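**Q** Please read through the structure below; I'll follow up with questions.
The values are calculated or read from the model by the stated rules, or taken from the named source; none is laboratory data. Predicted, not measured: the structure shown is a model, and the values here were computed from it. All Cβ positions, glycine included, derive from the backbone under ideal geometry; neighbour counts span all protein chains shown. To get the accessible areas, we keep the full protein, side chains included, count just its heavy atoms, and leave off ligands, DNA and RNA. Shrake-Rupley method; radii C 1.70, N 1.55, O 1.52, S 1.80 Å.
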Amino acid sequence: MTTVKDTVHDHIEIDGVGAALLDTPAVQRLRHVKQLGTVQLVYPSANHTRFEHSLGVYHLARQALDHLGIEGQRADRIEAAAMLHDVGHGPFSHNLESLTHRRTGKYHDDVAELLDGGEVGTVLRDHGLDPGRVADVVAGEGTYAGLVSGELDVDRMDYLVRDAYHTGVPYGTIDTGRFVRELTFVDGDEIGGNGTDGDSSPTLVLDEGNVQTAESLLLARALMNPVVYTHHVARISKAMLRRAAADLLDATATTAAELRRMDDHDFLAAIRDRPATAELSRRYDERDLYKRAVWAEYDDVPDRVHDADHEAELSLEREISETAGVAREDVILDVPPEPSMRESTARVTVNGEVRRLERQSPLVSALRVAQRNQWRLGVYAPDSATDRVGRAAADVLGLDPDALVIEVQKAMPTTLDEF
């Protein structure tokens, strides 16, 4: 058994297949992938990694398995998936995932090939585990996979409290102990007669009397979103690194598959060494970031922009740069995905009946409105070009300059209470 001192969970005991996986290259690589990508440019102490997060997920998974009485090979499979659930992440975590997915067809939870080969595959087989079935759990498929990848998963529980701790932002604090104690599985035919969207497999739910427990997860995520996950400095720096990654792939022999297996240090070294990406790298290293030329609310953005695919966004960027009379590389259009709240589909037991949280909690609809109100479209440019780019972007995108959160005539500082 190995015992690790953790900032969030105190002492984490690791044994069995978890201990055997701990020192594999795939898991150790996560020491060099930041959990929050570029958020440390906003919160300097947010330097925690996917490695320590993986230990926390493993720890909570073991607690949940003990509480649920799940043992043997099934428990080993869940523990292995908890330890390995993030090995598919590329540099800066989710930041480059949209780019690598477009070019490889793989998201971070597509880990079958990573688990099947090398030391990880050997460890899993030595413990009587099929790497393919462990990969399925990471992807949220199979019996009891909801513990690791679902609406009430231990992954979510750990990253909220861990991110809150390392940023110093108190909003992500939830009672992980209560969550774990109140989890239970019910057969699909007990949930309205048809399980999860017609699936009769066991479904993870919170036991009777835990509507507020589930709401706390929603509330924590909703409060952390604008002040941490989508803070404008983090968004701008992430957008700059995505642009650098795309330029790296276009200008060099580096492939998206190779990029996906880099860690943060590998990626930063790669973009520093290439003329096509050196300026963006310098700006990131020196925190000389682009500024907001436009920062627009959801309802002020036309549907054609909301619905634009990647190629359409690139075309809009080019049109903005041409209209503004600036170089193409001086404009970055950042259109976030549509607001979503996966946690609202979590199930809770009320008066002996299993219900979706969104049906039971009036807080869900309020948080949906808040989430939509927090959404912002961004157009970023070097400080000297923000006025020209802002005016051009308002014209090209069909935005009303009077409705912008940041006026295109003059960029204004935004404080957190404006969210």
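**Q** What percentage of the solvent-accessible surface of the chain, computed with a 1.4 Å probe over protein heavy atoms, is contributed by carbon and sulfur atoms? Each step should come with its number before you reach the end.
**A** Working: 8020 of 17720 Å².
Here carbon and sulfur together make up 45 percent of the probe-accessible area.
**Q** When the helices in the chain are scored as -39500 (n - 2.57) per DSSP H run of 4 or longer and the sum is shared across all residues, what 222 nm value do you end up with, to the nearest 500 deg cm²/dmol? Walk me through the intermediate numbers first.
**A** Numbers: 20 runs with 199 residues, N = 419.
It comes out at -14000 deg cm²/dmol, rounded to the nearest 500.
**Q** What is the dipole size for the chain, taken about its Cα centre, with +1 at each Lys and Arg Cβ and -1 at each Asp and Glu Cβ, in debye to the nearest 20? Provide the component values of the computation, followed by the final result.
**A** Working: 45 positive and 73 negative charges, 174 e Å.
The calculation lands at about 840 debye.
**Q** For the chain, which longest stretch is free of loop sites, where a loop site is one of the trypsin sites (Lys or Arg not before Pro) that DSSP puts outside H, G, I, E and B and that has at most 14 other Cβ atoms within 10 Å?
**A** Details: sites that count: Arg287, Lys410.
After excluding every exposed loop site, the longest remaining stretch is 1-286.
**Q** If you don't mind, another one. Quick test of the membrane-span-like rule: which DSSP H helices of the chain reach at least 30 Å along their long axis (C-alpha atoms) with mean Kyte hydropathy at least 1.6? Please report the intermediate quantities before stating the final value.
**A** Working: long enough: none.
Span-like helices, by this rule, are absent here.
**Q** If you only keep lysine pairs separated by 8 or more in sequence, or across chains, how many in the chain come under 22 Å at the Cα atoms?
**A** Details: Lys5/Lys34; Lys34/Lys106; Lys34/Lys238; Lys106/Lys238; Lys238/Lys291; Lys291/Lys410.
Here the count comes out as 6.
**Q** Rounded to the nearest whole Å², what accessible area per residue is found for the range 268-310 with the 1.4 Å probe? Write out the running numbers ahead of the final one.
**A** Numbers: 2250 Å² over 43 residues.
Normalised by residue count, the accessible surface of the range 268-310 is 52 Å².
**Q** Let me know the shape class of the range 201-256, please: from the alpha-carbon gyration tensor, a ≥ b ≥ c as square roots of the eigenvalues, rounded when a/c is under 1.5, otherwise prolate if a/b is greater than b/c, or oblate. Let's see the in-between values first.
**A** Working: a/c = 9.97, a/b = 2.10, b/c = 4.74.
Verdict is oblate for the range 201-256.
**Q** Right, next: Among (1) 38, 27, 19; (2) 41, 26, 20; (3) 32, 27, 20, which is the computed semi-axes √(5λ) of the Cα gyration tensor in Å?
**A** Of the labelled values, this structure produces (1).
**Q** Using a 1.4 angstrom probe, figure out how much accessible area the range 101-152 has per residue, in square angstrom, rounded to the nearest whole. Before the final figure, lay out the partial values.
**A** Details: 2450 Å² over 52 residues.
It amounts to 47 Å² per residue over the range 101-152.
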